[in-house]
Amino acid sequence: MDKRPLIGIMVSNRRSRKRNLDLCQRYQDLNLKLYAFAPTDIQWNNRRIIGLSLKKGIWTQSSFPFPHAVYNRCYNKK
């Protein structure tokens, strides 16, 4: 079991997930697990989120539990 804090970066759409994670790539050495997701990636019934994270240098889409904290980069006015 991974004991690192799980941080979700919420972005406005799926296309911007990788771009936002590229900006946060410098933080991969910290004791954190980062993943990016769009609001449409949230599966409320399953309490899971389909997100994109960096795993061994490759961007990988996976299913994640709800994060410990969310960094809101979703600037949608709706």
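Computed from label points 7 Å out along Cα-Cβ, the spacing between Arg47 and Asn13 is 3.2 nm.
Derived scalar couplings between HN and Hα for segment 38-55 equal 9, x, 6, 7, 7, 9, 4, 5, 8, 6, 10, 10, 8, x, 10, 9, 8, 10 Hz in order, rounded to whole Hz, by the Karplus curve 6.51 cos²θ - 1.76 cosθ + 1.60 (θ = phi - 60°), x for Gly and Pro.
Taken together, the values in this text are just the output of simple stated rules run on the coordinates, not laboratory data. Everything numeric here is computed off the predicted structure, so don't read it as measured data. So basically every Cβ, Gly included, is an ideal-geometry build from the backbone, and we count neighbours across all protein chains shown.
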